[in-house]
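Take this structure first; my questions come after.
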Amino acid sequence: MNKLISVVIICRNEAHIIGRTIAAAQLVSDDVVVVDSGSTDSTQSIVTASGAKLIETNWEGYGINKNKGVAAAKHDWILSIDADEIIDEALVKHLQTFTLSDTTVVYNIRFRAFFADSMIRFGEWANDQHVRLYNRTHVAWNEAAVHEGLVFPAGTKTVTITEGYIHHYTSRNIEEFAAKTVNYAMLNAQKYHSQGKKASWIQCRAAPVFSFIKNYLFRLGFLDGEAGFIVAKMNAWYTWLKYTRLRELNNK
């Protein structure tokens, strides 16, 4: 394991996967911190039994809760993942011996997304990558409730790690996918509303259609079969929900 890296995980009601997520993280780091925002299943007991550090807190938004975990971490280099994201074997091996010296460098990590048991190779989820490894003395999360981002000071350099992936197990079934879609759409609509953004009647109707066509046809989502159709359709529904809720909030 790498004695320079702490792994910070945020979660709520992820008993079905959190054990696997922690087990992979513990191959990378001797310091795994789990920030739990009120799980009502067996998530917390699984975390405690694993030997990871459990931080119990209220839900205050993705950015705020991630920063809570970062503050409790032992090391300055932070690998930030969600409870449904598992580090694969190739990435584990790379990070175990990874040399970290320049605190102004942040590391982009490649993702593979899964819906149920199907890996999504095309469409919106294809070729996904995010900056998830950084030094907390140089970089921090903003406090956005959803679609949070890291704030990069001037002079920050980004390097992409080409060994391995983080596997993102988005949803186990349609019911779970739908619940997450509604939640993200409502949170994003509220975020846009607070920023003073507007949504037109035409946008509410045209944007979902364009989303589906772009991801299912132009980005070849149809090559993922039924899973590809479901992902493209649900992403289009998300777009409709987000803008329709934004119009509702603005009209109030």
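Could you check, for the stretch 104-117, whether at least one of its residues is touching a Gly at 6+ places or on another chain (Cβ under 7 Å) and under 18 Å from residue 61 (Cβ atoms)?
No, there is no match, as no residue in the stretch 104-117 is touching a Gly at 6+ places or on another chain (Cβ under 7 Å) and under 18 Å from residue 61 (Cβ atoms).
Among the residues in the stretch 235-244, are any modelled with pLDDT of 95 or more and over 17 Å from residue 181 (Cβ atoms)?
Within the stretch 235-244, not a single residue is modelled with pLDDT of 95 or more and over 17 Å from residue 181 (Cβ atoms).
On to the next question. Quick check: is even one residue across the stretch 111-123 touching a residue at least 60 places away in the same chain (Cβ under 8 Å), in contact with a strand residue (DSSP E or B) (Cβ under 9 Å, 6 or more places away or on another chain) and within 22 Å of residue 66 (Cβ to Cβ)?
no
Then there's this: Counting just the residues of the stretch 114-170 that are out of contact with any Leu (no Cβ under 8 Å at 6 or more places or on another chain) and assigned to a helix (DSSP H, G or I), which one comes out nearest to residue 5 (Cα to Cα)?
Of everything passing the filter in the stretch 114-170, 125 is nearest to residue 5 (Cα to Cα).
Please verify whether residue 220 is at positive phi and either in contact with a helix residue (DSSP H, G or I) (Cβ under 8 Å, 6 or more places away or on another chain) or assigned by TED's automatic domain parsing to the domain that holds residue 21 (or both), treating the condition exactly as stated.
yes
Looking only at the stretch 182-208, count how many residues are closer than 21 Å to residue 120 by Cβ and surrounded by fewer than 16 Cβ atoms within 10 Å (Cβ to Cβ).
Counting residues in the stretch 182-208 that are closer than 21 Å to residue 120 by Cβ and surrounded by fewer than 16 Cβ atoms within 10 Å (Cβ to Cβ) gives 3.
Taking the stated definitions as given, is residue 122 more than 23 Å from residue 18 (Cβ to Cβ) and not polar (S, T, N, Q)?
yes
Another one. Scan the stretch 202-224 for residues that are over 21 Å from residue 244 (Cβ atoms) and of a type in the set (A, V, I, L, M) and report the count.
So the answer is 3.
Continuing with the same structure: Please specify each residue of the stretch 24-83 satisfying the condition of being over 22 Å from residue 140 (Cβ atoms) and in a helix (DSSP H, G or I).
24, 26, 43, 44, 45, 46, 47, 48, 49, 50, listed by residue number.
Something else now. May I ask you to list the residues in the stretch 150-181 that are touching a residue at least 12 places away in the same chain (Cβ under 8 Å), surrounded by fewer than 16 Cβ atoms within 10 Å (Cβ to Cβ) and not hydrophobic (A, V, I, L, M, F, W, C)?
153, 155, 157, 158, 160, 162, 163, 172, 173
Could you list, in sequence order, the residues of the stretch 117-149 that are more than 29 Å from residue 195 (Cα to Cα), surrounded by fewer than 17 Cβ atoms within 10 Å (Cβ to Cβ) and in contact with a helix residue (DSSP H, G or I) (Cβ under 7 Å, 6 or more places away or on another chain)?
Listed by number, the residues that qualify are 118, 121.
Might you check whether a residue that is in a helix (DSSP H, G or I) and of a type in the set (Asp, Glu) occurs anywhere in the stretch 95-107?
No: the stretch 95-107 contains no residue that is in a helix (DSSP H, G or I) and of a type in the set (Asp, Glu).
Here's another thing I want to ask about it. If the Cβ limit is 7 Å and pairs must be 6+ apart or interchain, which residue in the stretch 214-231 that is within 8 Å of residue 123 (Cα to Cα) pairs with which residue that is surrounded by 19 or more Cβ atoms within 10 Å (Cβ to Cβ) and polar (S, T, N, Q)?
Correct list of pairs: 215/235; 221/215.
The values are calculated or read from the model by the stated rules, or taken from the named source; none is laboratory data. If you're wondering where the values come from, they're calculated on a predicted model, not measured in any experiment. Reconstructed Cβ throughout: ideal geometry from the backbone, glycine too, with neighbour counts over all protein chains shown.
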